[in-house]
Amino acid sequence: MTRLLGYVDPSEPHFVAAVLTIAFNPLFWNVVARWEHKTRKLSGAFGSPHLACCTLGGAILLLNVLRSHCFTQAMLSQPRMQSLDNPLAYRVGLALLGVGGVFVFSSFLALGFTGTFLGDYFGILKEARVTTFPFSVLDNPMYWGSTANYLGWAIMHASPAGLLLTTVVALTYTVAILYEEPFTAEIYRQKASQAHKRS
């Protein structure tokens, strides 16, 4: 880690922008989704929970595009690491990008659009929590797949700044998981309790 820091200028504007977008995105979607769950204001404003959820999903996608752009610009603005600048490291990075892509895409297929973009906070609940692949092999595969994508991208660019930013991504997702998991579990616990009362 100390060696990585020797390559990175954390005050460089592109790096700062990348850190801010990495930290902001999960904060944004968690605050908005919890506000919606508590007030139903977005569903009221858009006329339906599905349209409100899709609108939030669109905003999250745009924010993720911005985050990836800032991540890439931060890497390009900082020095490359000679020991990572070789064909083997590039192939390792490419493999990580592939694995991450599989986890992200298969998560999306398993959850659907509203399941991916916090539909349960809008009252759009599945019959039960998804346990098929990739959830059968990894908890929170969307987050860890995304982290693998950033790690692979950083290695392919032989970028110490990218590796450091990937650590920020992983830490941010870890905090998000600690914040989200109990809340989501409670939503489904309440659903099961209501179904039990009706039966």
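The values are calculated or read from the model by the stated rules, or taken from the named source; none is laboratory data. Remember, predicted model here, so these are calculated numbers, not experimental data. When we count neighbours, we look across all protein chains shown, and the Cβ atoms used for this are built from the backbone with ideal geometry, even at glycine. Note: accessible area is taken over every heavy atom of the protein model, side chains too, but ligands, DNA and RNA are not part of it. Shrake-Rupley method; radii C 1.70, N 1.55, O 1.52, S 1.80 Å.
Note on Thr132: accessible area is roughly 80 Å² with a 1.4 Å probe, heavy atoms of protein only. Peptides 87-98, 147-158, 49-60 ordered by packing proxy, namely the average of other Cβ atoms within 10 Å per residue, highest first: 147-158, 49-60, 87-98. The largest accessible area among Phe46, Phe122 belongs to the first residue in Phe46, Phe122, and the rest follow in falling order (1.4 Å probe, all chains). Could you please state how large a percent of the accessible area of the chain is carbon and sulfur, counting protein chains only and using a 1.4 Å probe? For the chain, the apolar C and S fraction of the accessible surface comes to 69 percent. Taking the inverse of the mean reciprocal distance over all distinct Cα pairs, the Kirkwood hydrodynamic radius of the chain comes to 18.2 Å. Per-residue SASA remark: Ser159, around 0 Å² accessible (1.4 Å probe; ligands, DNA and RNA not included).
Report the net charge of residues surrounding Phe113, where surrounding means a beta-carbon distance below 14 angstrom and charges are Lys +1, Arg +1, Asp -1, Glu -1. Here the count lands on 0.
Sorting Tyr7, Tyr143, Tyr121, Tyr179 by accessible area puts them as Tyr179, Tyr7, Tyr143, Tyr121; the probe is 1.4 Å, largest comes first, and only protein heavy atoms count. How much mean residue ellipticity at 222 nm does the chain get from its helices, if each DSSP H run of length 4 or more adds -39500 (n - 2.57) and you divide by all residues, to the nearest 500 deg cm²/dmol? Taking each H run of at least 4 residues, the total per residue is -26000 deg cm²/dmol.
Orientation-averaged projection of region 23-130 equals 8.5 nm² [convex hull of Cα atoms, one quarter of hull surface area]. Per residue, the chain exposes an accessible area of 54 Å² to a 1.4 Å probe, with every protein chain left in place. Of the listed residues Met142, Met75, the order by accessible area with a 1.4 Å probe, largest first, is Met142, Met75. Once you reduce region 44-65 and region 137-199 to the center of their Cα atoms, the two points are 19 Å from each other.
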